[in-house]
Amino acid sequence: MRDLTYPPIIGTAKTLFKVLGMSFQTSGTEHIPREGGAILASNHVSYVDFVFNGLAAQPAGRLVRFMAKKEAFDHKVSGPIMRSMHHIPVDRAQGEASLHEAAEYARRGEIVGIFPEATISRSMEVKEIKTGAVRAAAEAGVPLVPMVVWGTQLLKTKDHDADLWGRGKTIALHVGEPIPVTGEDPVTETALLHESLTVLLDKAIREYPVSPEGQWWAPARYGGTAPTPDEARQMDLDEKAAREAKRAERD
């Protein structure tokens, strides 16, 4: 694919991060293949995760094509940018078609970024994840590479004020060993992905330069004050119900 906008956007972002005094903790970037396709499956703690996740592929000299909500492609400003970077629109009404497109990208040698939790985790833990990442990797015959991002929730996440400039913040990007998948048992293979993401998240939290104790952005089981997984699940259900009620009222 021709990339006229993606490389300069990355260069501009790196310069901005440096000016803002942001720092990065990374590990496992050698697991990103230097050639050939892959599915890069990440946890999801903020609205800006995809801005940073692609940096994990930079040491391998690769660009990541992210799956993102169709609405981002429909916007008059972000739409042309997203399309120029060859990201993949996800229409939730036609989710399977989007997954097949992601698999086709990977089959053609692209690295495709997927957030298998589908929505941001309010608990900051790894939520229940969908089987799409496993199925796409199996369909394309490419490695499934797990990774976690941490610290981005300090910039913009659900239920909290945004601090998009992120001055002096640390962002952690940790990549795990590829998970071999066949697609014969996507539920079991997805459980392996969940386990790998959980281990990587534990590493990210324990190595982060700020203690999680008493912090709103840290999971309750680490001493943070984020909602527990059960509380977060109920909040998600309430949010969904309110959204559906609003849509019904509008219609």
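The values are calculated or read from the model by the stated rules, or taken from the named source; none is laboratory data. Small disclaimer: the values here were computed from a predicted structure and weren't measured. Every residue, glycine among them, receives a Cβ derived from its backbone with ideal geometry; neighbour counts consider all protein chains shown. SASA here: full protein model, heavy atoms, side chains in, ligands and nucleic acids out. Shrake-Rupley method; radii C 1.70, N 1.55, O 1.52, S 1.80 Å.
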Would you mind finding the one in Ser78, Ser84, Ser42, Ser46 that is buried (at least 19 other Cβ atoms within 10 Å of the Cβ), among the polar types (S, T, N, Q) and over 23 Å from Leu192 (Cβ atoms)? Ser46
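Rundown of residues vs (1) of a type in the set (A, V, I, L, M, F, W, C); (2) closer than 30 Å to Tyr222 by Cβ, yes/no style:
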| position | (1), (2) |
| --- | --- |
| Val77 | yes, no |
| Pro80 | no, no |
| Ser98 | no, no |
| Val112 | yes, no |
| Val149 | yes, yes |
| Gln153 | no, yes |
| Asp161 | no, yes |
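Only one of Thr228, Thr188 is over 20 Å from the mean Cα position of the chain (by Cα), within 16 Å of Lys127 (Cβ to Cβ) and β-branched (Val, Ile, Thr). Can you tell me which? Quick ask: steps written out before the conclusion?
Details: Thr188 fails: within 16 Å of Lys127 (Cβ to Cβ).
Only one candidate passes the filter, namely Thr228.
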Does region 223-238 hold any residues that are surrounded by fewer than 17 Cβ atoms within 10 Å (Cβ to Cβ) and either part of a helix (DSSP H, G or I) or free of Cβ contacts under 8 Å to residues at least 24 places away in the same chain (or both), and which are they? Gly223, Thr225, Asp230, Glu231, Arg233, Gln234, Met235, Leu237, Asp238
Give the residues of region 121-154 that are under 30 Å from Thr15 (Cα atoms) and in contact with an Asp or Glu (Cβ under 6 Å, 6 or more places away or on another chain), sorted by residue number. Val149, Thr152
Which residue pairs have Cβ atoms closer than 8 Å, lie 6 or more positions apart in sequence or on different chains, and pair a first residue in region 93-108 that is in contact (Cβ under 8 Å) with a residue 40 or more places away in the chain and open to solvent by 90 Å² or more (accessible area, probe 1.4 Å) with a second residue that is of a type in the set (Val, Ile, Thr) and outside any helix (DSSP H, G or I)? Arg107/Val142
If you take just the helices (runs of 4 or more DSSP H) that sit entirely in region 90-208, which of them hold at least 3 residues that are touching a His at 6+ places or on another chain (Cβ under 6 Å)? 186-207
